[in-house]
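Inspection log for the structure reproduced underneath, given as structure tokens.
Any read-out appearing in this document is the output of simple, stated calculations on the displayed coordinates, not a laboratory observation. These figures come from a predicted structure and were not determined experimentally. Positions of Cβ are generated from backbone atoms using ideal geometry, with glycine treated the same way; all protein chains shown enter the neighbour counts.
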Amino acid sequence: MSLTGLEAGQTVFTSAFAVTRADLVAYADASGDQNPIHQDEAAAKAAGLPDVIAHGMYTMGLVSRAVREWSRGAGLDATLTDFSARFAKPVVVPADGGAEVVVEGKIRKLDATSVELAMTVTSGGEKVLAPARATLVVK
Amino acid sequence: MLNTSYAGRSLPPTEPVVITADAVTRFAQALGLDDDGTVPPTFLISLTLPAAERLIDDPDFGLDWSRVLHREQRFAYHRELRAGAAVTCASTIESIKSVAGNDLLALRTDVADGDGLAAEVWTTLFVAGDAA
């Protein structure tokens with residue numbers, strides 16, 4: 001598939017990810033970011049947070065996964081050339097039940113060889129990233 | 001408050017670091033990404049932030065990590081990096097802006113492989129002021 005058939009303004013995916021404390025520990029180990037506010041409730045509260053929060057880069061990583069799953073599913077052979085996000089609110093991850101992160105991807109711009117997506121990312125009804133954008137260039 | 005005279009400072013590139021297949025696999029697995037041998041989109045932060053720390057972890061700069069929040073992140077990729085790539089990181093303090101008693105610290109790290117500049121990574125840190 002190519003970029004034909006897509007149009008600006010179109011919502012192309014909505015992906016939901018469950019996030020648990022164990023996921024944050026695994027991400028801390030893989031990324032080297034061992035800041036205790038992402039693992040330890042007491043440390044998070046001492047820093048003025050309501051509870052343990054996800055690494056902003058973990059949430060951004062989930063957005064990259066949503067983008068990749070969409071592009072692969074759409075049969076696009078594309079390379080990610082630009083990826084950005086602003087961290088607006090923390091993703092709070094309680095020990096009991098964890099959190100859910102929902103990523104909705106919309107086409108912002110489109111030309112013959114590239115597509116720019118704008119993602120709305122929410123958790124617990126709050127926008128956590130504002131905005132997140134990704135540009136894919138077809139190989 | 002940060003020492004604003006540090007704006008514009010940069011460090012020479014680090015020694016080359018090999019992005020191992022094992023590190024790529026672990027990072028991909030932690031995010032639930034399929035591991036196709038390419039370096040995951042956000043992987044470079046695990047190299048660029050430690051590289052930048054050498055520039056900003058300096059008592060004269062006045063950065064207190066317990067007051068830091070990650071505000072913005074951007075990656076620009078000039079080509080695809082695959083596991084096995086050896087890369088260097090060169091960090092620059094692009095700007096230090098004071099907003100309502102807090103500081104916004106903008107960092108850029110150029111990531112290069114044997115063929116030249118492969119990616120640019122921008123990180124903006126929010127540093128809470130004394131009143132916060």
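The angle separating the long axis of helix B:21-31 from the principal Cα axis of greatest extent in chain B is about 60 degrees.
Taking the longest Cα principal axis of chain A as reference, the axis of helix A:21-31 is set at about 70 degrees. Here the stretch B:7-127 is assigned +1 on the Cβ of each Lys and Arg and -1 on the Cβ of each Asp and Glu. Its dipole about the Cα centre then comes out at about 280 debye.
Once the Cα atoms are used to define both axes, helix A:56-73 deviates from the longest principal axis of chain A by about 30 degrees. Under 18 Å Cα-Cα from A:Lys127, which lysines qualify once same-chain neighbours fewer than 8 residues away are excluded? The reachable lysines, counting only those whose Cα sits under 18 Å from A:Lys127, are A:Lys89, A:Lys106. If R0 equals 25 Å, the separation of the Cβ atoms of B:Val68 and A:Lys127 corresponds to a calculated FRET efficiency of about 0.70.
Here each label is just a point 7 Å from Cα along the line to Cβ, and for B:Val18 and B:Ala76 those points are 3.1 nm apart.
If you plug the beta carbon distance of B:Arg9 and A:Asp96 into 1/(1 + (r/R0)^6) with R0 = 41 Å, you get a FRET efficiency near 0.35. How about A:Lys139: which lysines have a C-alpha closer than 18 Å to its C-alpha, ignoring those fewer than 8 places off in the same chain? Counting by Cα, and skipping residues close in sequence, A:Lys139 has these lysines nearby: A:Lys109. Global dimensions of the stretch B:77-120 from alpha-carbon coordinates: Rg and Dmax equal 14.5, 45 Å. Available extension along the chain between A:Ala47 and A:Ala22 is 6.9 nm, counting 0.36 nm per residue and deducting the alpha carbon span.
Candidates B:Ile93, A:Val91, A:Thr14 compared by Cα position along the dipole of the protein assembly as shown: farthest toward the positive end lies A:Thr14, with charges placed on Cβ. Summarised in one figure, the compactness ratio Rg/Rh of the stretch B:7-127, Cα atoms and Kirkwood Rh, is 1.00. What net charge is computed for the residues neighbouring B:Ser46, neighbours being all others with C-beta under 14 Å from the C-beta of B:Ser46, Lys and Arg scored +1, Asp and Glu -1? Result for the local shell: -3. For the protein assembly as shown, the equivalent ellipsoid derived from the Cα gyration tensor has semi-axes of 28, 24, 18 Å, listed largest first.
Per-residue mean of foreign Cβ neighbours for B:24-33 is 6 (Cβ atoms of other chains, 10 Å radius).
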